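Inspection log for the structure reproduced underneath, given as structure tokens.
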Amino acid sequence: MAETKTYREALREAMVHEMERDENVILMGEDIGVYGGTHLITDGLIDDWGPKRVMDTPISENGFTGAAVGMAMMGMRPIVEMMTWNFSFLAADQIIQHAAKLRYFSGGQVQVPLVIRGPNGGGVQLSAQHTHSLENFYGHFPGLKVVAPVTPNDVKGMMITAVRDPNPVIFLEAGALYGTKGEVEEGDNAVPFGKARVAREGDDVTLIAYGRQVNLCLRVADTLEEEDGVSVEVIDLRSIRPFDEDAIVESVEKTHRAVAVQEQWRWFGVASEVAAIIQDRAFDYLDAPVERVSGAEVPAPYARNLEIAAFPSEKQVANAARRVLYMEEK
Amino acid sequence: MPEENGNGENGGVEAREEGSVATSADRLVDLYREMVTVRRFEEACQRGFRQGKIGGYLHVYIGQEAVAVGFLDSFKEGDKVITAYRDHPHALLLGSDPKNVMAELYGRGSGIVKGKGGSMHLFDVERGMMGGYGIVGGHIPIGVGIAYALKYHETDNICQLYLGDGAMSQGAFHEAANLAGLWGKDGQCPCLFIVENNQYGMGTSVERTTAMTDLAAKFDAYGIEHEKVDGMDIDAVLEAAERLTEQVRETGKPYAVEALTYRTAPHGAGDFFEKYRTKEEIEEWRQRDPIGILEKKLLESEAADEEKLDEIKGEAKEQIDEAVKFADESEQPPIEELYTDVYAGEDEYMGEE
Ligand SMILES: Cc1ncc(C[n+]2csc(CCOP(=O)(O)OP(=O)(O)O)c2C)c(N)n1
Ligand SMILES: [Mg+2]
């Protein structure tokens, strides 16, 4: 059974599903209760669950994230909302220095089953301080798990998995897509971490992306098929750490050509990692160097035209695909 | 006594009548034993460091013993303790075997956290030791969360949260204290903040790091009641510990104690020159060494004689010598340990071994 729901509804449904299952699951964050959540993800939940399960916090990202780490060490399963991931830099000490490493430096004596979630990425003219894609940043640290679901079904299923995971999970939501709709499975649709999704099957070239760039790649795939007669495979990574190397390798063994697309800046980004994995494990299958399409190397601008220019465009991705296919750019 | 805090003689703590708390002779002798054991342990660590057996950072508790010994005397089964990197006494006093603690410092597989944390990261979760932490102030929000969880799970346990004077300048402290005060309004945060005010954060004195040197009073900003205690006088600490742990347990509200104490040892074992303080100052505080004060009290009240004290010292030495021997003879951690405990659950390691 599946129903059409928005990304927002699917996300909320997952959290409620887990709150019903386990009393240790609580929600906490700034303005998530009475105010309803800045992005309305938790709207109304405080009425159903009360302030102990849906806890409004002061504006202290480091403080309440740290408190959630302590709660998690004690067996609670807090889901912490970062109003947006941009504010997580203030909590970076708790996330990176504490949550990620506690299990290791305690010699395995503690675990930190903590989910930190919120909108990530740009696209809604929030400009420099409110626009970041943090997959590579958090993906860098051993001890964290990092996921970036893009479909309503995945956001639900991966949130369910995140809550049940005994480790700290960085849950990066496609902030610009909260209102988008898709089929969502009923009930427990837990989606495993570390498994990419083939968003579209194809034979000639592989586009690899995550988050809202997956949707862009799907549009490019339509264009390339219609205009150029090219069959495009699109891989949605979904999970950044753990990372599904096999899915990429298998696809490239079939298509022999790959383009990695990311909203974030090029230097030291996820796309570079994708390219490295392909050259490590599928070098002999490649018919062309792996291309990367990334955001412009600037802080995110405000003006609509500038913002659009700062992120990968369909044209850029299509031309990158044409280049690896040794076709004329358009 | 130097006037460190701008709070007058003795840092604003009322001078106490000797023996004003009716602590039984036997109990005082036990506490003396604990203090001496902790001191011997720390001295052995300093030796181990000089010999190159202990690496990294090493922070000892010499001079401050009455604080942890006094407060942990009121520890009840199920309570939790969290502190920073000056954490050896907390683990030892909760019952961790000195052998495993020393082995940790020696970087051995038999160490209390398998040789993965070292001096700054002692954990003994079964006994309530929720860790030593190396980022100044970083453990404070965690301790507040632990206290919250104790209430969320409807226990009547509390969290003893130790922090330094220096840590109180961190944002993490202020954010966490605000949360504790807030959650405490509903009786949901049984957290006893124990400020180990040893007058310095590394080489910078309290009055050189904050304009408002009354550290206890800072908790006013967060609706947390507070007091000061003479952290060199075990009797005074015991009295405060008993009363305040029970109060926090009953009310579910946080409380803060500023224990005025002094680290007579250098900040870290590698600090050879102490440019930030005078020999005279150290000597003055040494006159109020907590072990010395208690020794005098025990002898004067005839709770113990010289012979008894020597016997205790001898036993402590023997126990610590054994711990050192155990550590020295233990194996290094097996190399496979490098890759474990990164994640809980199945997919523990994500790299190439
Ligand atoms: C965030 C951070 N900044 C600086 C340091 C270096 N450092 C280690 S201990 C210390 C002094 C802390 O003083 P205090 O909190 O009074 O504790 P004490 O060492 O006196 O017990 C400093 C600055 C650190 N470990 N973490
Ligand atoms: Mg200090």
Taking loop as defined by DSSP and a crowding limit of 13 other beta carbons within 10 Å, which GluC sites (Glu not before Pro) in segment A:129-192 fit? A:GLU186
Under the definition of Cα pairs under 8 Å and six or more residues apart, what whole-number percent is the relative contact order of chain B? 24
Rounded to the nearest whole number, the Stokes-Einstein translational diffusion coefficient of segment A:38-183 at 10 °C and 1.306 mPa s (Kirkwood radius, C-alpha pairs) in µm²/s is 101
Among chymotrypsin sites (Phe, Trp or Tyr not before Pro) in segment B:293-353, those in a DSSP loop whose Cβ has at most 11 other Cβ atoms within 10 Å are none
Quick one: Karplus J couplings for segment B:26-33, per residue in order, coefficients 6.51, -1.76, 1.60, θ = phi - 60°, nearest Hz, x for Gly and Pro? 4, 5, 5, 5, 4, 5, 4, 4
Percent antiparallel among DSSP beta bridges confined to chain B, rounded to 5, stands at 10
Over all distinct Cα pairs, what is the inverse of the mean 1/r for segment B:247-353, reported as the Kirkwood hydrodynamic radius in Å? 20.1
For segment A:236-244, just list the computed ³J(HN,Hα) in residue order, Karplus coefficients 6.51, -1.76 and 1.60, θ = phi - 60°, integers in Hz, with x standing in for Gly and Pro. 9, 4, 6, 10, 9, 9, x, 10, 8
For chain B, the Debye formula with one identical point scatterer on each Cα and no solvent gives log10 I(q)/I(0) at q = 0.08, 0.13, 0.15 Å⁻¹ as -0.38, -1.03, -1.37
Within segment A:212-316, list the GluC sites (Glu not before Pro) lying in a DSSP loop whose Cβ has at most 16 other Cβ atoms in a 10 Å radius. A:GLU297
Could you work out the Rg to Rh ratio of chain A, with Rh taken as the Kirkwood radius (inverse of the mean 1/r over all Cα pairs)? 0.98
Once the Cα gyration tensor of segment B:47-183 is found, what semi-axes does its equivalent ellipsoid get, as square roots of 5 times the eigenvalues, in whole Å, sorted largest first? 26, 17, 13
How long is segment A:5-78 along each principal axis, judged by its Cα atoms, biggest number first, in Å? 34, 27, 21
Taking amide hydrogens as modeled 1.01 Å from N in the peptide plane, which residues meet the under 5 Å criterion relative to B:VAL229, leaving out close sequence neighbours? B:GLU258, B:ALA259, B:LEU260
Can you give the charge dipole size of segment B:3-349 about its Cα centre, rounded to the nearest 20 debye, using +1 on the beta carbon of Lys and Arg and -1 on the beta carbon of Asp and Glu? 900
Taking the Cα atoms of segment A:197-324, report the difference between the largest and smallest coordinate on each principal axis, in whole Å and largest first. 43, 34, 23
In nm², the average projected area of the convex hull spanned by the Cα atoms of segment A:100-139 is 3.8
Run the Debye formula on the Cα coordinates of segment A:212-272, all scatterers equal and no solvent, and tell me log10 I(q)/I(0) at q = 0.15, 0.16, 0.18 1/Å. -0.51, -0.58, -0.73
Taking only Cα atoms of the protein assembly as shown, the Rg to Rh ratio with Kirkwood Rh works out at 1.05
Any helix of chain A counts here only if DSSP assigns it H throughout, its Cα atoms span 24 Å or more along the axis, and its mean Kyte-Doolittle hydropathy is at least -1.0, and such helices are none
Report Rg (one decimal) and Dmax (nearest whole number) for segment A:150-191, counting Cα atoms only, units Å. 10.7, 30
Report relative contact order for chain A in percent, whole number only (criteria: Cα-Cα under 8 Å, sequence separation at least 6). 16
What relative contact order, as a whole-number percentage, does segment A:2-185 give when Cα pairs under 8 Å and 6 or more residues apart are counted? 28
In nm², what is the average projected area of the convex hull enclosing the Cα atoms of segment B:158-256? 5.9
Theoretical gain in end-to-end length, A:ILE308 to A:ASP48 [0.36 nm per residue, Cα-Cα removed]: 89.6 nm
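Readers should treat all values here as calculations from the given coordinates under stated rules, not as data from a laboratory. Quick caveat: nothing in here was measured; it's all calculated off a predicted structure. Quick reminder, even Gly has a Cβ in these numbers, built from the backbone with ideal geometry, and neighbours come from all protein chains shown.
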